[in-house]
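The values are calculated or read from the model by the stated rules, or taken from the named source; none is laboratory data. These numbers were taken from a predicted model, which means no experiment stands behind them. Using ideal geometry, Cβ is built from the backbone for each residue, glycine included, and neighbour counts are taken over all protein chains shown. For accessibility, only protein heavy atoms count, side chains too; no ligands or nucleic acids. Shrake-Rupley method; radii C 1.70, N 1.55, O 1.52, S 1.80 Å.
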Amino acid sequence: MTEDIYDITIIGAGPSGLFAGFYAGMRKNKVQIIDSLEIPGGQLTALYPEKTIHDVPGYFAVKAETLVADLVKQTAQFGVPIRLSEKVVDITPTENQGVYQVTTTKSSYLTKAVIIATGNGSFAPKPLKTDEPSDFDFSKLGYSVTDKQQFAGKNVAVAGGGDSAIDLALMLSEVAASVSLIHRRDAFRAHESSVDKLYVSDVHVVTPVTIRSISDCQEGLRIALSDDRELEVDHLIVQHGFLSNNKDIRAWSVNLEMKRQHFMVDSHYQTSCDNIYAIGDTANYDGKLGLIVEGFKEGPHAVNQIMTKIHSGKLSQAHSTSLF
Ligand SMILES: Cc1cc2nc3c(=O)[nH]c(=O)nc-3n(C[C@H](O)[C@H](O)[C@H](O)COP(=O)(O)OP(=O)(O)OC[C@H]3O[C@@H](n4cnc5c(N)ncnc54)[C@H](O)[C@@H]3O)c2cc1C
């Protein structure tokens, strides 16, 4: 165990955890960020690094991986350590009043406060289910795209009807020979502006159909659809959402009130345990939205609350620079 006592330990290096880490560092807290993945960025890096994001303030449009790189740079200026490939497996109260022990797969740390920014926990894409059982090797299918150039000149199908499926189809249509978007309904569950873009793009919209079966054909795949049409493509990328897993977190020693996968928090983002806060996608309260910008707001708020408690008399709010 490291004997230093951190002011704040942030669990999760997604956008919420990174920005909270920056803010806590700027306010001169002794802070660290821990993430189980090999790279920072959470969902942005793991699930959609090439996607363009339009709803982060200050950016007209920004690629997810660029936003993460900027957040990491912003956090690094205050020397905040980001410990990667290190999963938090427990938080325990210690005999030292007001100090928690955070245990990871590599070490354990003492900390006065914890900010949980674990998103939906560890996540994995929902596997494709075809209407008919088959011997097809489903591991050949793709579930994410880290480099769109891999699909240059290829015939690609995307399965799904949400934002991620439409965004991916539009992105691939910039480089692929053809892109077909397969969805079981005529209507899409996506931003209106994305759907508008879809219908004026080169993407071939294939609805309302399900995928009956998939088989190998020459060097590609043959997709049999429920309306008896068939598509021959080089790649099929499935975008049917994600299965998340916060089960491990339920086993932590501290008794945190959860609703489904998320931590219940009060109006200052504190969980049911003193000095343990939850921000970003993992926080649950009335009116909560699953947007990056929500975590950006919640992090500084939680840090300010923590500071009023662990550094007695500290001003609860400050600007990054002053006029004079
Ligand atoms: C396809 C898709 C497109 C999206 N597009 C947009 C968009 O355009 N605009 C927008 O605002 N939002 C968008 N979102 C939502 C956005 O990605 C989330 O709101 C955002 O990622 C939440 O950030 P977070 O830091 O709270 O959690 P996450 O990004 O989920 O990061 C959580 C981090 O915690 C880590 N972690 C989990 N458990 C542990 C543990 N026990 N120990 C250590 N580390 C742990 C994970 O490894 C992960 O790195 C999109 C989401 C998806 C899936």
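Given (1) without any contact (Cβ under 8 Å) to a residue 24 or more places away in the chain; (2) within 11 Å of the ligand (Cβ to nearest atom); (3) open to solvent by 60 Å² or more (accessible area, probe 1.4 Å), where does PRO57 come up short, assuming only one miss?
(1)
Let's see how each residue does on (1) within 15 Å of the chain's Cα centre (by Cα); (2) open to solvent by 30 Å² or more (accessible area, probe 1.4 Å); (3) of a type in the set (A, V, I, L, M, F, W, C); (4) more than 16 Å from the ligand (Cβ to nearest atom):
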| position | (1), (2), (3), (4) |
| --- | --- |
| GLU230 | no, yes, no, yes |
| LEU236 | no, no, yes, yes |
| GLY241 | yes, no, no, no |
| TRP252 | no, no, yes, no |
| HIS262 | yes, yes, no, no |
| VAL265 | no, no, yes, no |
| ASN284 | no, yes, no, no |
| LEU289 | yes, yes, yes, no |
| GLU298 | no, no, no, no |
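In region 147-163, what residues are more than 19 Å from GLU230 (Cβ to Cβ) and either away from the ligand (no atom under 16 Å from the Cβ) or in a helix (DSSP H, G or I) (or both)?
ASP147, LYS148, GLN149, GLN150, PHE151, ALA152, GLY153, ASP163
Go through (1) in contact with a Leu (Cβ under 8 Å, 6 or more places away or on another chain); (2) of a type outside the set (Phe, Trp, Tyr); (3) on the phi > 0 side of the Ramachandran plot and name the single condition HIS240 misses.
(3)
Which condition number does LYS247 fail, the rest of (1) away from the ligand (no atom under 13 Å from the Cβ); (2) loosely packed, with under 12 Cβ neighbours inside 10 Å being met?
Looking at each condition in turn, LYS247 falls short on (1).
From SER144, SER85, SER134, which residue is under 17 Å from the mean Cα position of the chain (by Cα) and assigned by TED's automatic domain parsing to the domain that holds CYS217?
Of the residues listed, the single one that is under 17 Å from the mean Cα position of the chain (by Cα) and assigned by TED's automatic domain parsing to the domain that holds CYS217 is SER144.
Which residue out of THR75, THR92, THR66 is away from the ligand (no atom under 11 Å from the Cβ), hydroxyl-bearing (Ser, Thr, Tyr) and either in the same structural domain as ALA169 (by TED's automatic domain parsing) or over 20 Å from the mean Cα position of the chain (by Cα) (or both)?
Going through THR75, THR92, THR66 in turn, just one is away from the ligand (no atom under 11 Å from the Cβ), hydroxyl-bearing (Ser, Thr, Tyr) and either in the same structural domain as ALA169 (by TED's automatic domain parsing) or over 20 Å from the mean Cα position of the chain (by Cα) (or both): THR92.
Can you name the residue in region 34-52 that is near the ligand (Cβ under 9 Å from one of its atoms) and in contact with a helix residue (DSSP H, G or I) (Cβ under 6 Å, 6 or more places away or on another chain) and is also nearest to ILE166 (Cα to Cα) among such residues?
Let us first name the residues in region 34-52 that are near the ligand (Cβ under 9 Å from one of its atoms), namely 34-37, 39-48, 51-52.
Within this subset, residues satisfying the condition of being in contact with a helix residue (DSSP H, G or I) (Cβ under 6 Å, 6 or more places away or on another chain) are 39-41, 44-45, 48, 51.
Working: ILE39: 26, PRO40: 25, GLY41: 22, LEU44: 16, THR45: 18, TYR48: 12, LYS51: 11 Å.
Ranking the qualifying residues of region 34-52, first place goes to LYS51.
Just the residues that are within 13 Å of the ligand (Cβ to nearest atom) and among the aliphatic types (A, V, I, L, M), please, taken from region 116-146.
Within region 116-146, ILE116, ALA117, ALA124, VAL145 meet the criteria.
Among helices (runs of 4 or more DSSP H) lying entirely in region 1-106, which contain 1 or more residues that are modelled with pLDDT under 95 and closer than 25 Å to GLN149 by Cβ?
43-46, 64-76
For region 102-115, which residues satisfy the criterion of being away from the ligand (no atom under 16 Å from the Cβ) and not charged (D, E, K, R)?
Correct list: LEU110, ALA113.
Condition first: in the same structural domain as HIS235 (by TED's automatic domain parsing) and under 15 Å from LEU236 (Cα atoms). Can you find one or more residues in region 188-197 that meet it?
The answer is no, given that none of the residues of region 188-197 is in the same structural domain as HIS235 (by TED's automatic domain parsing) and under 15 Å from LEU236 (Cα atoms).
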